[in-house]
């Protein structure tokens, strides 16, 4: 399957290949394989640790590896025992054995009464419908800057109108973590395209399979899974063929029908990709680390950040703006 025009105008995906699409409800995932597979980049779960929260809006993150640079995933957030929980508005580089303080982080709990349970220690990626706003707020040292967005997302999900992200991450966790089993992470997978209904919602690419494996649950459950939950009221608008029915009378007929449905599904996703309009991106260099370049990309319908090394793609997190999806808020 060819890469969409919006990606060609931003970075080169010619070294990647695509797998068979998977679906759960209105969420479809197209696996991505290949790329440079640079194993020397530190993976986020094993290598990155939240050192401390120094007052509201200040997160210190450590690269605990003895060697290898860490690319901090865009919009990574931590659950921490005994302090307000925060998320980052941007990606960044951290050298081996180094720590970095992010003073433009956002607090994701509007009051102290909103602590997440201390026994739950895991990191997340901000829900899809908050990511554009969070990226626009990078560099602003205001810990409460995302509370209005969180309140708006909670209202859209029928939850109390307040800036407490744990209303989604904790109270809906049992529902959201089902996506981890409904959608399969495949051996050697280095990324994925995510679709909601028939629209491209995001492209996520990691430096190597182990890195993407550690991103899989935060992405599929708490970022795009929340997006799927948000647009479930639009399920009546599902494109034809999303839920195929089989009329096989025996195993041989079932196999043929299953194969045909897979081919039709792949063609359908190819059509979604082909219909994604070309985008004119504004790209600005945000940060450097040796030969690595962290770039911020924005356009009318998409935004995100990606990392290149001598012009070759290493990491990417590019997502649709909520108004482009036209589902939910």
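Laboratory data are not the source of any read-out in this text; all were calculated from the coordinates shown. In this text, all values refer to a predicted model and were calculated from it rather than measured experimentally. Backbone-built Cβ (ideal geometry, glycine too); neighbour counts: all protein chains shown.
Taking other Cβ within 10 Å of each residue's Cβ, how do 224, 230 sort, fewest first?
Neighbour counts put them in this order, fewest first: 230, 224.
Could the peptides 14-21, 141-148, 160-167 be put in order, highest first, of the mean number of other beta-carbon atoms found within 10 Å of their residues?
160-167, 141-148, 14-21
Can you sort 216, 122 so the residue with the fewest Cβ neighbours within 10 Å comes first?
Least crowded to most crowded, the residues run 122, 216.
Relative contact order of the stretch 125-221, please, whole-number percent, based on alpha carbon pairs below 8 angstrom and at least 6 residues apart.
20
Ordered by packing density, taken as the mean number of other Cβ atoms within 10 Å over each peptide's residues, highest first, how do 197-203, 273-279 rank?
197-203, 273-279
Neighbour counts of other C-beta atoms within 10 Å: give me 75, 208, 86 arranged from fewest to most.
By the 10 Å Cβ count, ascending, the order reads 208, 86, 75.
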